[in-house]
Amino acid sequence: MHVEYARRMVALQIRDVPDTIRDALVDEARRRQHSLQVYLLDVLAHEAALASNRRWLERHRNDPPVRDAPPMRNRLLTTSCRRANRVALDRR
């Protein structure tokens, strides 16, 4: 996951992390071939994005439904067809 961060950064410190949690985080970072720093920054960025999505959903919870949009299945099928056509044209 590549994330661009603002130039101004802050340091976060979490105290009293049990060894078992730290070990699990280190193991997962190694599995992904990242440092603990990079892995934790990705986890924080992911959680921040989820929070942003939840705020957006909360703001739009009572919006009226969109009536003129084609069903999602049709949009996905159309997108797949367009992608397949591009691939076929690129192979020529």
Over all pairs of distinct alpha carbons, what does the Kirkwood formula give as the hydrodynamic radius of the range 1-62, in Å?
13.8
Charge dipole (the range 1-62, unit charges on Cβ, about Cα centre) - positive-most of Leu57, Gln37, Val17
Leu57
What full-extension length gain, to one decimal in nm, is calculated for Gln33 and Ile14 as 0.36 nm per residue of separation minus the Cα-Cα distance?
4.6 nm
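Here, each number is a calculation from the coordinates, and none is a lab measurement. Given the structure is predicted, the values throughout are model-derived calculations rather than measurements. Here Cβ is always computed from backbone atoms with ideal geometry, including for glycine, and neighbour counts include all displayed protein chains.
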